[in-house]
1. Collect the residues in the stretch 416-439 that are buried (at least 20 other Cβ atoms within 10 Å of the Cβ) and within 19 Å of residue 51 (Cβ to Cβ), keeping them in residue-number order.
2. When you scan the stretch 166-197, how many residues do you find that are crowded, with 18+ Cβ neighbours inside 10 Å and either touching a strand residue (DSSP E or B) at 6+ places or on another chain (Cβ under 7 Å) or more than 24 Å from residue 361 (Cα to Cα) (or both)?
3. Give the residues of the stretch 334-345 that are closer than 19 Å to residue 377 by Cβ and in contact with a strand residue (DSSP E or B) (Cβ under 9 Å, 6 or more places away or on another chain), sorted by residue number.
4. Taking the condition of being at pLDDT 95 or above and in a loop (DSSP other than H, G, I, E, B), how many residues in the stretch 31-45 meet it?
5. Are there helices (runs of 4 or more DSSP H) fully within the stretch 298-385 with at least 2 residues that are surrounded by fewer than 17 Cβ atoms within 10 Å (Cβ to Cβ) and either within 23 Å of the chain's Cα centre (by Cα) or modelled with pLDDT of 95 or more (or both)? List them.
6. Please go through (1) buried (at least 16 other Cβ atoms within 10 Å of the Cβ); (2) in contact with a strand residue (DSSP E or B) (Cβ under 9 Å, 6 or more places away or on another chain) for residue 402 and return the number of the only condition it doesn't satisfy.
7. For the structure I just gave you, tell me whether residue 396 is crowded, with 17+ Cβ neighbours inside 10 Å and in a helix (DSSP H, G or I).
8. Just checking, how many residues over the stretch 66-113 are under 20 Å from residue 320 (Cβ atoms), surrounded by 14 or more Cβ atoms within 10 Å (Cβ to Cβ) and out of contact with any helix residue (DSSP H, G or I) (no Cβ under 8 Å at 6 or more places or on another chain)?
């Protein structure tokens, strides 16, 4: 039987795919890291491919480091581990986390954290989402630039209004306690969300500055929601990375009363223990707030993995944490210096050298025209099998309410020195050659 056109091949020709839209669902944008790896996948990238260098990754290298405790590579699963974990987390893990913070940051202070001050969750975003769902009808301040995933988090819940607070590269992204007080009072803020150290700039509020932030928040009854997932990645110029006692800092050190001060801290195994795949994280704060956060978890996520939480208890030993942190700071300090120096040699400007995290925040504005903004540099780097993240993703803009203008960070790139030193070096070699070809 022939087709009406008389061409049998026409009947076999497949119809082009039709993109269907669904009225019940909205478009949900990808966060920065997911976006860049998705774009890289179109050019052949896959996780574990040795030909690619992922300077866009938001995780540290997870293998052995010199001087670090042995890595856990097996997790026993008991019969009762097949059951759900409590939404707030296993009690023994909550106790271990509270005791760790007391030992590291609250020696000699009368007010101590207990298990009731801790809620365990299945990943950093889950912890932050629980907290966001627990907020009332308030004004919540957030900084620019900051962590890309905050954008959807600050938009999906309708109770609070997200108020951006601009940080300036010319000031090294600094923000004094006077600035903090002015923003809280002037904008009527009841809470402020921040990553500290900051992802992507690496700026770190620490010491007396952090103490003053905590005192001010307490005085003005403004909750500080402090994302401390990078708090063990601390760098001080001139310090000895081989010193047996690592640099460690947390807002927990400056809380006066753990049940009255409006300080909520987020952390987990993801970065500071280098076990991102475990998805074990926690929130620490006043008991009443932790009760609300756990209640939110009961309808948002239902709780984390029971066997992974049980295995995490042993990782809360203070000496284990100090040894791991010492190894992190020794290895990552070297990669940090390597990346800063090589990027500057290429002509990439760095507003502030990172005091924490494993990222370098650089401006490509002075590079040749073809690669002088974040998107064009990112696209050119993909051709070299190098992934990085354009700065515009850190211009947190909930609901895309700021429209019709270019991002303040359109010329910036976030470069990660989370991968191994060998991968970082190979990526920098490729980027340096790429920039040289465009000159």
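1. Within the stretch 416-439, 416, 418, 419, 423, 424, 427, 428, 431 meet the criteria.
2. 12
3. Of everything in the stretch 334-345, those that are closer than 19 Å to residue 377 by Cβ and in contact with a strand residue (DSSP E or B) (Cβ under 9 Å, 6 or more places away or on another chain) turn out to be 339, 340, 343, 344.
4. 4
5. Because the criterion is at least 2 residues that are surrounded by fewer than 17 Cβ atoms within 10 Å (Cβ to Cβ) and either within 23 Å of the chain's Cα centre (by Cα) or modelled with pLDDT of 95 or more (or both), the helices (runs of 4 or more DSSP H) in the stretch 298-385 that meet it are 318-346, 374-383.
6. The number of the failed condition is (1).
7. no
8. 1
The values are calculated or read from the model by the stated rules, or taken from the named source; none is laboratory data. In this text the structure is predicted, and so the values were computed from the model without any measurement. With ideal geometry, Cβ positions are generated from the backbone for all residues, glycine too; neighbour counts draw on all protein chains shown.
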